[in-house]
Structure formats: structure tokens, C-alpha cells
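The block underneath contains the structure these notes are about, expressed in C-alpha cells.
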Amino acid sequence: MIGIIVTGHGHFPSGLFSAVSLVAGKPERAEAVDFTEGMSQAELREELEAAVNRLESEEILILADLVGGTPFNTAASLRTDRQDKSIKVVAGVNMPALVEAVFSRSMFGLDQLTENLLKAGRDGLVNLDGMENGETKPEFEDGL
């Protein structure tokens, strides 16, 4: 199974996993690595390395909050250094993208999973004005 790591600033990663757990249950082989105030880049790197090792997966998807941020840059460096694993790093994670990754990873390889979650992340951004004009209809009228 493809392992998933979410990393980002503050408690965004653990908060995102908390929200996904309410919708989809607690994901297996998935880790949140928070980059909290006062934490050094070296400490973040150690946490990411430990998460990679705990996942015990040959394929790992690392989802970061912002392109160019310390969590993204550290994950990119880890990807370069860990040639023993197939690692993809994607920035701009949101809840629709993570839900897609959690639900779809057993059906796809790492490359296709990455493409699917990119689409889900983009499609998950919806303007209410467009919904009210009939351009987009809500998929779940009663919520999730």
C-alpha cells in the first residue's frame, strides 16, 4: 500500500488528518508531520525520515501545504536522498486531495494516484456563487 505523509506549517497536517478521520475513518499507513514554531529544519527532516521508516512502504506520497515552504523543501530534499523509495512530493494539499489519496491509493500506482489527487484538489475548490447560479450542484446535499 502506498504510504501517505502530510507535512506543513503549524498543526495543519495533524488537523487535516483529524478532519479526514471524521469523514473517512483513521487512514492506515498515513502520518502527519507538523512543522511547529521553534522547530528547526533539521528536526523536521528527522521527523519526516522517521515517518518514512514507520510507513514501511516502498511507494510514498508526501503532501505539503505550500510550494517553496520549509516542509515542501525538506520533503523534496528527502526525496532526492532516499533513492531506496519511490517518493512523490506534492504541494497545496487540501481535504479533497487527501480524501482522494486515502480512498484511491489501493486502486492505483503512485503516478496515477498523484494525478487523481491533483484533480480532486482543484475540483474541491468551488465558489458558492457558481453553485447558486446552477453552474455546479452540490454532490452531498445533506453533508458528509
Estimated [θ] at 222 nm from DSSP helical runs (n ≥ 4, -39500 (n - 2.57)) normalised by residues in the chain, nearest 500 = -14500 deg cm²/dmol
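Note down the Stokes-Einstein diffusion coefficient of the range 7-76 in µm²/s, whole number, using a Kirkwood radius over alpha carbon pairs, 10 °C, and 1.306 mPa s. Walk me through the intermediate numbers first.
Values: Rh = 12.5 Å.
Value of D from the Cα-based Kirkwood radius: 128 µm²/s.
What relative contact order, as a whole-number percentage, does the range 1-41 give when Cα pairs under 8 Å and 6 or more residues apart are counted? Spell out each step's value before the answer.
Numbers: 45 pairs, mean separation 22.6, N = 41.
Result for the range 1-41 is 55 percent.
Which residues make up the longest stretch of the chain clear of GluC sites (Glu not before Pro) that lie in a DSSP loop with no more than 13 other Cβ atoms within 10 Å, not counting the sites? Walk me through the numbers before you get to the answer.
Details: sites that count: 28, 37, 56, 58, 135, 139, 141.
Formally, the longest exposed-site-free interval is 59-134.
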key: Length-normalised contact order for the chain - Cα pairs under 8 Å, 6+ apart - percent   = 24 percent
request  = Please work out which option in (i) 106; (ii) 171; (iii) 116 gives volume of the Cα convex hull per residue in Å³ calculated from these coordinates, and answer with its label.
outcome  = (iii)
key: Contour excess over end-to-end distance, with Cα ends at residue 84 and residue 108 and 0.36 nm allotted per residue   = 6.6 nm
note = Of all lysine pairs in the chain that are eight or more residues apart or on different chains, those with Cα atoms under 23 Å apart total 4
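Quick note: the coordinates plus some simple rules give every number you see, no bench work behind them. Since we're looking at a predicted model, the values are computed, not measured. Positions of Cβ are generated from backbone atoms using ideal geometry, with glycine treated the same way; all protein chains shown enter the neighbour counts.
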